[in-house]
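Please treat every number below as a calculation from the coordinates, not as lab data. Because the structure is a prediction, the values reported are computed rather than measured. Quick reminder, even Gly has a Cβ in these numbers, built from the backbone with ideal geometry, and neighbours come from all protein chains shown.
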Amino acid sequence: MSAQHTAGPWVFDVENHDVQHDESSMVIARVSAPDDFLCRDQEKDGAFAAECEANGRVLAAAPEMLVQLKGLLGFARFIVSGLNIDADQTKVVLKNRGESVAEVPLALLLERSEAAVAKAEGR
């Protein structure tokens, strides 16, 4: 069995560019550039610093996103089985900023979501 991640909530400390446990301030991860300068070193590359901060926010949200994704997967499986939906034939429209970008079979969406959970859990 794989080790469990540190329970959330996690926060991104903009000053130190660390992802930390919210209550204990234990450092979970440090966000830095490939050449190891910290995100706050904006004089080196301001564009990368902004991307670095965005990465820190995504990392900090990971435990909450994992919990929510698992909940949505459980709900989706319940609906699919309860309504006897053909998940291979039912299409889900994916949107970005209100515009349709793809139609994906529900079965594929569920499969990829379950794979993402398994990856996060080390399975």
Any hit, segment 107-122, residues being among the acidic types (Asp, Glu) and either farther than 30 Å from Thr6 by Cβ or assigned to a strand (DSSP E or B) (or both): no
Extreme residue, farthest from His5 (Cα to Cα), among residues of segment 45-97 that are acidic (Asp, Glu) and touching a residue at least 12 places away in the same chain (Cβ under 8 Å): Asp88
Filtered residues of segment 68-113 (kept if within 25 Å of Gly8 (Cβ to Cβ) and surrounded by fewer than 13 Cβ atoms within 10 Å (Cβ to Cβ)): Gln68, Gly71, Leu72, Gly74, Phe75, Phe78, Arg112
